[in-house]
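**Q** Just dropping this structure here.
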């Protein structure tokens, strides 16, 4: 029995890892789309697109792994969460379609056509981000389960809390996008990205603060998890670390160290994510289904673990190589198409 | 718009619609990725510019098609959960790992090397670039392996047990993966993807040769595509026949639907060429048939008895008219492709391969035929499996999410509008690229960003590599 428990924990970490990698990698990618309307100049937009064109497809593959992996490792959670989040998921998919095709389409058309696909890129990114943030809030606030199925209504996902998390994720992804541009561009684009980053860091702090304050009010369990002894020993370092990372982030922006802000923003995301994990554990559908109740049978867990333990390191290695090939600043004069 | 429609019917319509759009892109990119790898290999081997030009030319088309395949594929991976949550809960432990392996072994491989393949020729050198192209091509084939394994398991389930929660659980993974219909389906589908791509490449070549028979690039691609049609179409017909015999063994009701055999035949079943299947009356009206030929094809004996749907409980009947007609469309196109291959062989033998307007017109007209055949084939096999999602074990009606009709109908409308708007634009862009012949010195996608941009320190570059690891 103890071995079975361990496998389920391992799988919870693997799925959490896949989702986190997705959030930060497609996060900056979607963030560029959110910031796109602020850069009206065509050559600026080309630079922004080129900075991510060779890697966006790999970034979104983590989303497919998150969905497919959840179905394989926690089929019950997948079966309950997807209908519960029906509308946000469909909205996210539609948003991802519009922004995904824009990468190629905008090079294959006239000026007015390009403006249309630029709009699709920005609007799609905005919609997908908002939908993901709302989905997160909808999961946190709890989902009504009956038997082995979702038992709630079709608008349960929409609440002030889920709207808040939706807006907060917009801020977060925009921060990742802005600091990515600081790292990957030069000149006027970088200057503007620096100014945006300043504003977005403070907005991000507000977002983290707002969600952190609102979450304990959702359920007694969240409050107990965070504020009772001895849990505090585990939970107190999280807000302290957030403060330290934010200070470092602001300093790196002030010193104009192009490469640091992006990685410090990633650290902020990692801390927020750890906070979410602390709140949710051991539930995969909060208040209803634990990871053990949702877990796949052992044969499935073991079969996939073989693959994951070899393939994930391999994937990380060649993904890193792909980023390495396209390292450095992207310049407007460097033709892409 | 869909008042009075059952939520399950709407969910099926949505799956059929999104799947039909999606399947077109992988079918094309499986074949095209392999073709690009062959072109690059020929370029590296012979050093002839014409191969590089063709590579760059098709690479641009590949980039547009691949992007559409990715985004329409993400929709598929979430639709199991949104619209078919009962199916996901029950089959997740078996089908889920197969799809997870597809992501891990195929999607990441494709995505990881796609950027280098599209934009990296001047950054990584020829050999490493060729390696990236080959990885993408292999990725598309691995993807076909896993997803067809999952689909085949739903058609011919094996190696499973059922647990206390009513979930399918793998008892033997090898039996799950290599279930009875999988090898046949894999061969049939990969050959279909290759033929589909050959028809597209051949049509583009023929279209430009039709206008100017001296163009070097179109000559090379047309000749290559016609060899493919000549050699592979007969193999595909044979593979399809074997696949059919396998279906007869494991899913007899599907073959009855394909053949239009509502009635059993004790001494030799006729091959119904055409007719109007009437599901309520349980018979094919106005049949044009050849006596005993069906028994000869399926049982290799003129007088062999063949059971009909009258031996199957009515609630287990597949929708015969759809299965019957889509099967005929697929087979008809198969023979048209073989005809094209033979015609091209004849013109090649006469030395007129590049000067035959009739052949070029035929080949141009056949450009989209592969897609139609692939869709017809999938409609045949998927409707022929009904009314089950896991054949004989899990009914489609018991697989759906607990959704109300308005939720499913509004998402269906959203997908229809978005898909037509987005993918028709994509198809127009691809056709525009194809309307131009490949030029000498064909500009590709590869960026000419200098590999070592000024001001990049190793530390900074390492930092951006870390970004990849997240």
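**Q** Evaluated at 4 °C with a viscosity of 1.567 mPa s, what Stokes-Einstein diffusion coefficient in µm²/s does segment B:163-241 have when Rh comes from the Kirkwood expression over alpha-carbon pairs?
**A** It diffuses with D of about 85 µm²/s by this estimate.
**Q** Further question on the same structure: How many angstrom lie between the Cα centre of segment B:381-422 and the Cα centre of segment A:39-91?
**A** A separation of 22 Å, based on Cα centres.
**Q** Taking the square root of 5 times each eigenvalue of the Cα gyration tensor, what semi-axes in Å does the equivalent ellipsoid of segment A:254-306 have, largest first?
**A** Computed over segment A:254-306, the values are 36, 17, 5 Å.
**Q** Report, in degrees rounded to the nearest 10, the 0 to 90 angle that the Cα long axis of helix B:85-102 makes with the longest principal axis of chain B.
**A** 40 degrees
**Q** Once you wrap a convex hull around the alpha carbon atoms of segment B:191-281, what is its projected area averaged over all directions, in nm²?
**A** Averaged projected area of segment B:191-281's Cα convex hull equals 8.8 nm².
**Q** Which residue, A:323, A:283, A:259, tops the fluctuation ranking in a GNM of chain A built on C-alpha contacts under 10 Å?
**A** The residue with the greatest mean-square fluctuation here is A:323.
**Q** Further question on the same structure: Between residue B:302 and residue B:249, what is 0.36 nm times their sequence separation minus the Cα-Cα distance? Round to one decimal in nm.
**A** 17.2 nm
**Q** Further question: Give the relative contact order (percent, whole number) for chain A; include only Cα pairs under 8 Å separated by 6+ residues.
**A** 24 percent
**Q** To continue, here is another question. GNM on chain A, C-alpha springs below 10 Å: top fluctuator among A:84, A:247, A:267?
**A** Highest fluctuation of the listed residues: A:247.
**Q** Which whole number gives the average count of other chain Cβ atoms within 10 Å of the Cβ atoms across peptide A:265-271?
**A** Counting Cβ atoms of other protein chains within 10 Å of each residue's Cβ and averaging gives 1.
**Q** What does the average come to when, for each residue of peptide A:95-105, you count the partner chain Cβ atoms lying within 10 Å of its Cβ?
**A** Partner-chain Cβ atoms within 10 Å, mean over residues of A:95-105: 6.
**Q** If you take each beta carbon of peptide A:10-22 and count the beta carbons of other chains within 10 angstrom, what is the mean?
**A** Per residue, the average neighbour count from other chains is 1.
**Q** Let me ask you something else. In what sequence do B:389, A:109 fall when counting other Cβ within 10 Å, fewest first?
**A** A:109, B:389
**Q** Once each part is reduced to its C-alpha centroid, what is the distance from segment B:1-80 to segment B:112-153 in angstrom?
**A** 13 Å
**Q** Right, another one. Could you tell me how far the Cα centroid of segment A:112-182 sits from the Cα centroid of segment B:261-284, in Å?
**A** 53 Å
**Q** Only Cα pairs within less than 10 Å get springs; with that Gaussian network setup on chain A, which residue of A:60, A:186, A:146 has the largest fluctuation?
**A** Among A:60, A:186, A:146, the largest GNM mean-square fluctuation belongs to A:146.
**Q** Here is a further query. Could you tell me the convex hull volume per residue, in Å³, taken over the Cα atoms of chain A?
**A** Roughly 137 Å³ of hull volume per residue.
**Q** Moving on to the next point. How do the peptides B:98-105, B:70-77 rank, highest first, by the average count of neighbouring beta carbon atoms within 10 Å per residue?
**A** Order by mean packing, descending: B:98-105, B:70-77.
**Q** Taking 2.2 N^0.38 Å as the expected size of a compact globular protein, what ratio does the Cα radius of gyration of the protein assembly as shown give against it, to two decimals?
**A** Normalised by 2.2 N^0.38 Å, the Cα Rg of the protein assembly as shown equals 0.99.
**Q** Can you compute the modelled spin-label distance between residue B:355 and residue B:424, with each label point 7 Å from Cα toward Cβ, in nm?
**A** 4.3 nm
**Q** Can you compute the helix-only [θ] at 222 nm over the protein assembly as shown? Use -39500 (n - 2.57) per DSSP H run of at least 4 residues, normalise by all residues, nearest 500 deg cm²/dmol.
**A** About -25000 deg cm²/dmol.
**Q** With the Cα gyration tensor of chain B in hand, convert its eigenvalues to equivalent ellipsoid semi-axes via √(5λ) and list them largest first in whole Å.
**A** Its equivalent ellipsoid spans semi-axes of 40, 31, 20 Å.
**Q** Pairing the Cα long axis of helix B:216-250 with the longest principal axis of chain B, what angle in degrees results, from 0 to 90 and rounded to the nearest 10?
**A** The helix B:216-250 is inclined about 30 degrees to chain B.
**Q** Something else: Quick one: compute the contact order of chain B, relative version, from alpha carbon pairs under 8 angstrom and 6+ residues apart, as a percent.
**A** Averaging sequence separation for qualifying contacts and normalising by length gives 22 percent for chain B.
**Q** Between 0 and 90 degrees, rounded to the nearest ten: what's the tilt of helix B:49-83 against the longest Cα principal axis of chain B?
**A** That works out to roughly 40 degrees.
**Q** Further question on the same structure: Rounded to the nearest whole Å³, what is the per residue volume of the convex hull around the Cα atoms of segment A:169-220?
**A** 55 Å³
**Q** Here is a follow-up. Would you mind ranking B:126, B:22 by Cβ crowding within 10 Å, fewest neighbours first?
**A** Placing the least packed residue first, the sequence is B:126, B:22.
**Q** Would you mind getting the Kirkwood hydrodynamic radius of segment B:94-225 from its Cα pairs, rounded to one decimal in Å?
**A** When all Cα pairs of segment B:94-225 are included, the Kirkwood radius is 17.5 Å.
**Q** Under 8 Å for C-alpha pairs, at least 6 residues apart: give me the relative contact order for segment A:177-307, rounded to a whole percent.
**A** Computed value for segment A:177-307: 24 percent relative contact order.
**Q** Continuing with the same structure: Quickly rank B:410-416, A:62-68 as a protection proxy: mean count of other C-beta atoms within 10 Å, highest first.
**A** Going from most to least packed, we get A:62-68, B:410-416.
No value in this document is a laboratory result; all are computed from the given coordinates. Given the structure is predicted, the values throughout are model-derived calculations rather than measurements. Methodologically, a virtual Cβ is constructed for each residue, glycine included, from the backbone with ideal geometry; neighbour enumeration extends over all protein chains shown.
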